[in-house]
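Remarks on the structure that follows.
The values are calculated or read from the model by the stated rules, or taken from the named source; none is laboratory data. All of these numbers come straight from a predicted model, not from anything done at the bench. Virtual Cβ from ideal backbone geometry, glycine too; neighbours counted across all protein chains shown. Just the protein is used for accessible areas: all its heavy atoms, side chains included, with ligands, DNA and RNA removed. Shrake-Rupley method; radii C 1.70, N 1.55, O 1.52, S 1.80 Å.
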Amino acid sequence: MLNSPFDLADDNAYQRWRERKLAAAPTRLEELVVEIGDPRQLTPAEQQAILERCQRANMAIYIGKTGDDPDKAIPTRLGAAFGLQRLDHNRGADDDAITSLTVQTDARHRDYIPYSNRPIAWHTDGYYNAPEQRIDSLLLHCVQPAEQGGANDLLDHEIAYILLRDQSPESIRALMHPECMTIPASFVDGEQVRPDRTGPVFSVRADGQLHMRYTHRARNISWRDDPPTQEAVARLKAILQRETDWHLRGRLESGWGLISNNVLHTRAGFSDGAVPRLLYRPRYYDRIQGT
């Protein structure tokens with residue numbers, strides 16, 4: 001990690017990157033928003049505006065004019081415009097690898113919070129995936145919002161890194177340990193569908209970009225049993241529970257979407273009306289091109 005801001009031995013590189021990052025980082029949700037026409041056919045100006053926000057904050061929110069059109073090509077064509085191609089075929093997804101986030105009570109979905117109306121705490125997507133299936137980006141496209149609730153809190157994972165490193169570089173070191181966080185194996189009807197997954201919280205991609213793998217869950221998780229890790233986890237959880245200038249909150253409406261480099265996010269609980277809440281979620285093994 002020569003001259004990397006994420007090298008704990010190179011404070012000069014970190015301070016230079018930190019200064020640039022904080023100077024550009026949005027502190028209002030409105031700074032993430034780009035109004036567009038059809039997400040399936042971005043104009044050059046629309047694409048550049050979305051990219052600029054992703055470069056600053058690892059995410060952007062688009063407000064499109066497709067309304068409640070259920071065409072799955074809406075998010076996938078927008079993703080393709082930013083080099084997102086390699087979809088994650090996770091167990092909860094539809095056959096086309098696009099996940100329909102709506103209340104589902106069938107045997108495959110009923111035990112998983114994303115398919116319920118319950119709140120979801122801070123996390124990045126795919127924290128239970130194998131390293132070769134690391135989720136580097138995702139889209140959320142809203143077809144139908146809930147009648148009440150369902151908002152998201154958002155925090156750029158690079159900002160979380162800064163807030164923690166400024167407090168304790170040793171906490172960053174602990175969270176970069178390859179055995180830091182383990183998600184235990186998953187079983188359905190007594191059959192193992194996923195083995196234990198162990199890895200770091202913070203890691204650096206081959207291209208030098210920061211990746212974060214995290215869940216705020218209190219159960220079905222095992223942290224490395226040493227004091228530095230326990231202290232680091234407590235510090236990180238406290239940062240997430242604070243309300244800083246960089247913690248943003250909003251709700252996607254019909255035709256709106258979020259594109260991100262798998263930033264930290266939550267989901268509030270919700271209640272449906274006559275038409276159930278429906279969001280599409282493609283997840284990718286690619287990072288947004290140009291960020």
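Values computed for the structure shown
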{"quantity": "Distant-in-sequence amide H partners of W256 (H built 1.01 Å from N, under 5 Å)", "calculated": "G64, C142"}
{"quantity": "Percent RCO, i.e. relative contact order, over the chain, from Cα pairs under 8 Å lying at least 6 residues apart", "calculated": "33 percent"}
{"quantity": "Per-selection metrics, the range 244-291 (Cα): Rg and Dmax in Å", "calculated": "13.6, 41"}
{"quantity": "Apportionment of accessible area to carbon and sulfur, the chain, percent (1.4 Å)", "calculated": "47 percent"}
{"quantity": "Under the Karplus curve 6.51 cos²θ - 1.76 cosθ + 1.60, θ = phi - 60°, whole-Hz ³J(HN,Hα) for the range 124-134, x wherever Gly or Pro sits", "calculated": "10, 6, x, 5, 9, 7, 5, x, 6, 10, 4"}
{"quantity": "Qualifying GluC sites (Glu not before Pro) in the range 180-269, DSSP loop, other Cβ atoms within 10 Å at most 10", "calculated": "E243"}
{"quantity": "Distance between the range 216-243 and the range 253-291 - C-alpha centres, whole angstrom", "calculated": "25 Å"}
{"quantity": "Kirkwood Rh and Cα Rg combined as Rg over Rh, evaluated for the range 142-189", "calculated": "1.19"}
{"quantity": "Cα Rg, Dmax (largest Cα-Cα span) when computed across the chain, Å", "calculated": "18.6, 56"}
{"quantity": "Mean ellipticity per residue at 222 nm, deg cm²/dmol - from DSSP H runs of n ≥ 4 across the chain, formula -39500 (n - 2.57)", "calculated": "-7500 deg cm²/dmol"}
{"quantity": "Heavy-atom surface of the chain, accessible at 1.4 Å and reported per residue (Å²)", "calculated": "46 Å²"}
{"quantity": "Kirkwood Rh, angstrom, the range 74-233 [1 / mean 1/r, Cα pairs]", "calculated": "17.6 Å"}
{"quantity": "Equivalent ellipsoid dimensions for the range 180-291 as semi-axes, Å, which come from the Cα gyration tensor, largest first", "calculated": "27, 21, 18"}
{"quantity": "Spatial extent of the range 24-72: Rg and Dmax, with the Cα atoms as the point set, Å", "calculated": "11.4, 35"}
{"quantity": "Taking the convex hull of Cα positions in the range 51-97, its mean projected area over all directions (nm²)", "calculated": "4.3 nm²"}
{"quantity": "The range 32-142: proportion of alpha-carbon pairs further apart than 22 angstrom, %", "calculated": "40 percent"}
{"quantity": "Net charge of neighbours whose Cβ lies under 10 Å from the Cβ of A130, counting Lys and Arg as +1 and Asp and Glu as -1", "calculated": "+2"}
